[in-house]
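Participant: Sharing a structure here in structure tokens format.
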Amino acid sequence: MEDNKILDLFWARDQLAIAEARAKYGAHCHYIAYNILFDHMDSEECVSDTLLRAWNVIPPQRPTFFKAFLTKITRNLALNRYNLYSAQKRGGGQTALVLDELSECVPSDFSVEKQLEDKLTGEVINGFLETLSAEKRVMFIKRYFMMLPIADIAKSMKISESKVKMTLFRLRTQLKDILIKEGIYE
């Protein structure tokens, strides 16, 4: 079923919307959550929570890009669950690795007073992404937003893992230089 028809079902409060969204994007959302949590049951809970959250916000919201909308919700729910679990136990995985990679160029301290600065940081990062070629932008988003393993990125883009690693390293270096220039990172 097309996204607009699924969104129409959500808008009409038809519970078939949840089943259709799960059928179309459930596997994708599970994949995103699993790359963060490395647990199938927790990932499936994130998918269910994602669909519930979508049900609760549509309407009044009507997302333009439904897949991206569900991906963002899934990612945030999985990260919240990961943070809860990592406070209880430490473990390996892509999430820690990805966050460690980004810590080289993005400030990590957070406080309420810095929310405005965080918004500016987001705007600078979005501006940076707009300057990239489509291939580099997709690679950056797959790694640092969707938190996919390097091997999966290389496979999906039909390039070598070493090219992915080197490109991401260069992108992080460029981003760090921009953040320093903007006074966001010292």
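The values are calculated or read from the model by the stated rules, or taken from the named source; none is laboratory data. Because the structure is predicted, anything quoted here is derived from the model rather than measured. Note that each Cβ is placed from the backbone with ideal geometry, even for glycine, and that neighbours are counted across all protein chains shown. Please note that ligands, DNA and RNA were not included when accessible areas were found on the heavy atoms of the full protein model with its side chains. Shrake-Rupley method; radii C 1.70, N 1.55, O 1.52, S 1.80 Å.
Participant: Could you list, in sequence order, the residues of the stretch 113-161 that are of a type in the set (K, R) and either at pLDDT 95 or above or open to solvent by 30 Å² or more (accessible area, probe 1.4 Å) (or both)?
Facilitator: Matches in the stretch 113-161: K114, K119, K136, R137, K142, K155, K158.
Participant: Could you list, in sequence order, all residues of the stretch 116-165 that are in contact (Cβ under 8 Å) with a residue 12 or more places away in the chain and part of a loop (DSSP other than H, G, I, E, B)?
Facilitator: Scanning the stretch 116-165 gives L132, F145, M146, M147, L148, P149.
Participant: Given (1) more than 19 Å from L168 (Cβ to Cβ); (2) assigned to a helix (DSSP H, G or I); (3) modelled with pLDDT under 80, where does L79 come up short, assuming only one miss?
Facilitator: The failed condition is (3).
Participant: Among residues belonging to the stretch 1-17 that are open to solvent by 50 Å² or more (accessible area, probe 1.4 Å) and in a helix (DSSP H, G or I), point out the one that is nearest to M147 (Cα to Cα).
Facilitator: N4
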